[in-house]
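Peer 1: What follows is a structure written as structure tokens; I'll ask about it next.
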Amino acid sequence: MGYDRNSEPKTKKINKKFLYASIGAIALIVIIVAVVVVITLRGDSPKASSTASAATPNGNPSTATPNGNPSTPTFIGKATRVTEYPPDGIELGQGWDGTRGHQKSSIGIIFEEKSAGLGQSKTEDYIKVTDKSRLMQEMDISAEFQYSGINARGSAKFSFASKIDISSTSQCFIARAKVQNGRIYTAPHSNDKQVKLSPEAVELAKQDKDEFYRVYGDSFVSAIHSGAELYASMTFDEQEKSKVQELEASVEGSGWGFSAESTFRNKMESYSKQSKLKINYYQAGGSGDPLPTDVAGFLSKMNELPELAKNAPHRYSMTLQRYDTLPNWPAGTLESRPSGYLETIQRYFEYQSIFTEINNVESNPDDFLLGRGTDLDELENTKEAVRAELETIENNIADFELGEIDSLPEPSIPDYDFRVKMPLPLRYDPTIKWEDDAENIRDAIKEFWVEKTSDSRCLARGFSHASCLDSDQIEQYVQQITVNHVVVVGGRQQVNALNSGSRWLTKIEWGTKTNRLVEVTTFRTWSSNYGESQGKLEFYIGVADKPGLIRGWRQFATSMNSSAKFIMQREWGHFDNLEEVTAADFRCWSPQYNEGHCHLKFFIEPTASDTSLIQGWRYEASTKNSSSQWILQSSWGESTGEEIPVASFRTFSPQYKDGHGKLLFALSSP
């Protein structure tokens, strides 16, 4: 009886189909995995090109971003990395010395050149930068190209970045627009399944890895990307905290070229009209057409970038692949050297930023809060310390370039050690004044010079990076911020004619003179020079390690009979959580009441009186001509071995009615 195919059980047929399908699926999966492995070794992993700053196990951002550029330029160590295309050119397959940023003339791999034209892809983003190190990173200038720039072999992009002014008195944003046409890449030779080392290179690697490194470098060019790119630095003349926050918020969500109603575009145009916006450009790609000079030109140029990339493409980046990733690399891996390379370069530009900041303070001292812990002399000492660190790094780089040292030593002093010695920009927080409480000023310095910088570095370098500070580390730096206290060190009373048409004459002066003289109050008085006169009391202000007794004061005015509302006339100093004491009452003039009545209130910190020049005071009254007995009206503190009259004025007292008063200070005993 012959074999009847149709007599086979139905379930058997189904099982065979399932088996064939399973075998086919497994074969397809194997092929896909193999392709992905090959692509990954070339540095063209689809996952890498679609993930923006993904976190790696050590907490640092990955090297890949949507446009294929590194978010964190890194030295040798990763299998593949993307870096800037060198200014003197390089060809596919050529060797590269990542230690010093040099190309090698030798080619040590067997490959075929292929191209991938995937159609144009364009990317654009806007990043705020706070120092030169972050600027270099965001412009995709990798460590070896920064190294070359310090050695006067920098690219045009490095030169552009070096000239951008970043300071505490302005806000700098970097606009990055790129159009990628495609790439050429190393593909396996027709007889091979993978790119591999040439026989000569394999033999040299076996015999002498150091010589291999000298001849071929540590990696080779596995892909070259072309298109066009445009960088713009936008520097806004703004430092007030609330307005800076508005600028930062306006950047979020800005798309290619901005829409007409874009908040950031409106901000740019507004600051430009006020001459408070400076824009600088760097462009790669195009036919040498002029760069824009204003906001409108920048937006127009951005929209033209795809056409420029199409008509006059420029090689702007390359993918480097380590030799030890190739299948026929001899056992063992190529050393990743030198140690501390990236950290040293980063620290160099951090120091450079601080040096620039100090120059800015010295050129514009009125824009900073000086004399409350940091003055120009102390700042000059900090500047010299920073200069010494910069010179040390430059000397080390020179020795390394000559081969006199094997690696670059990493600097041991974080730039935060210098940041805590910087003065606060006055426009950062208009509510903070020179005479403010020391803690308020210290908190503002912490926020401006330490916290903002740390937050920026956490986002750019990863939260595990040493420059990303945690709250305990920040508090340790806060303890290094020196802010002294405002104290009254002397004073004087002056008199003038009632109509203020005469010269002010000093009647009483005491304590120490300083270059900071503050008006305390004005009053009616009598003087031998002018008869019925107007007077004023002023204090000389100094600084000390501990607070003084009097931390602030206010003068209030009312009607002559004190029946109307008291209206504040002037205030100075610190008032929060302090004891409020009325020091004296007197006749005065005010815009609201004309001839009227005033009182002076001191805000004091009683616990500071033991170390203060002023230990207390007495307010006394007598007749108009001062011929009668002086009668105590009010007092605070205790009498000491020395008392000084600080002001005499017309006053009202229950004992003498319209009469004469005087305020005396009890000074610390000699």
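Any read-out appearing in this document is the output of simple, stated calculations on the displayed coordinates, not a laboratory observation. Being a predicted model, the structure only gives us computed values, none of them experimental. As a convention, Cβ positions derive from the backbone with ideal geometry for all residues, glycine included, and neighbour counts pool all protein chains shown.
Peer 1: Can you list the trypsin sites (Lys or Arg not before Pro) in the range 520-565 that are in a DSSP coil and have 12 or fewer other beta carbons within 10 angstrom?
Peer 2: On the way: sites: 524, 536, 551, 554, 565; in loops: 565.
When the trypsin sites (Lys or Arg not before Pro) of the range 520-565 are filtered for loop state and at most 12 Cβ neighbours within 10 Å, 565 remain.
Peer 1: Can you tell me the convex hull volume per residue for the range 147-205, based on C-alpha atoms, in Å³ to the nearest whole number? Walk me through the numbers on the way to the answer.
Peer 2: On the way: hull volume 11.8 nm³, N = 59.
In the range 147-205, the Cα convex hull volume per residue is 201 Å³.
Peer 1: Trypsin sites (Lys or Arg not before Pro) within the range 105-202: which are DSSP loop residues with at most 12 other Cβ atoms inside 10 Å? Kindly include the intermediate steps, with their values, before the conclusion.
Peer 2: On the way: sites: 114, 122, 128, 132, 134, 153, 157, 163, 176, 178, 183, 193, 196; in loops: 153, 163, 193.
Answer by residue number: 163, 193.
Peer 1: Something else now. Quick one: of 114/209; 243/546; 114/196, which pairs are farther than 27 Å apart, Cα to Cα?
Peer 2: Values: 114/209 30 Å; 243/546 34 Å; 114/196 16 Å.
The pairs that break the limit, which is 27 Å between Cα atoms, are 114/209; 243/546.
Peer 1: In addition: Quick check: net charge around residue 389, other residues with Cβ under 14 Å of its Cβ, Lys/Arg +1 and Asp/Glu -1? Mind dumping the intermediate values first?
Peer 2: Working: positive: 347, 383, 387, 419, 421; negative: 343, 350, 384, 391, 394, 410, 415, 417.
Overall, the nearby charge balance is -3.
Peer 1: Go through the range 404-460 and name the trypsin sites (Lys or Arg not before Pro) that are in a DSSP coil and have 13 or fewer other Cβ atoms within 10 Å of their Cβ. Kindly include the intermediate steps, with their values, before the conclusion.
Peer 2: Working: sites: 419, 421, 427, 433, 442, 446, 452, 457; in loops: 421, 427, 433.
Of the trypsin sites (Lys or Arg not before Pro), not one in the loops of the range 404-460 has a Cβ with at most 13 other Cβ atoms within 10 Å.
Peer 1: In straight Cα distance, which lysines are under 22 Å from residue 178, not counting same-chain residues fewer than 8 positions off?
Peer 2: 47, 122, 128, 132, 157, 163, 278, 301, 310
Peer 1: Quick one, what does Rg over Rh come out to for the range 607-670 if you take C-alpha atoms and the Kirkwood Rh?
Peer 2: A ratio of 1.05.
Peer 1: Tell me, how many Å apart are the Cα centres for the range 634-670 and for the range 563-604?
Peer 2: After rounding, the separation between the Cα centres reads 17 Å.
Peer 1: Then there's this: Which value, in Å³ per residue, describes the convex hull spanned by the Cα atoms of the range 555-614? Walk me through the intermediate numbers first.
Peer 2: Details: hull volume 5.7 nm³, N = 60.
So the per-residue hull volume is 96 Å³.
Peer 1: Please give the net charge around residue 653, taking every other residue with its beta carbon less than 12 angstrom from that of residue 653, where Lys and Arg add +1 and Asp and Glu add -1.
Peer 2: Details: positive: 587, 624, 650, 657, 662; negative: 585, 620, 658.
Within the 12 Å Cβ shell, the charges total +2.
Peer 1: Taking only the C-alpha atoms, wrap a convex hull around the range 363-413 and report its volume per residue in Å³ as a whole number. It would help to have the intermediate numbers written out before the result.
Peer 2: Numbers: hull volume 4.8 nm³, N = 51.
With only Cα atoms used, the range 363-413 gives 94 Å³ per residue.
Peer 1: A follow-up question, please. Sort the following peptides by mean Cβ neighbour count (other Cβ atoms within 10 Å, averaged over residues), highest first: 371-377, 474-480. Before the final figure, lay out each step's value.
Peer 2: On the way: 371-377: 16.9, 474-480: 13.7.
Going by the mean number of other Cβ atoms within 10 Å, highest first, we get 371-377, 474-480.
Peer 1: Sort out for me the Cα centre separation of the range 81-108 from the range 339-381, rounded to whole Å.
Peer 2: Cα centroid of the range 81-108 versus Cα centroid of the range 339-381: 36 Å apart.
Peer 1: Taking θ as phi - 60°, what are the ³J(HN,Hα) couplings along the range 508-521 by the Karplus curve (6.51, -1.76, 1.60), each to the nearest whole Hz, with x for Gly and Pro?
Peer 2: Karplus values, whole Hz, x for Gly and Pro: 9, 8, 8, x, 10, 7, 9, 8, 10, 10, 10, 6, 9, 6.
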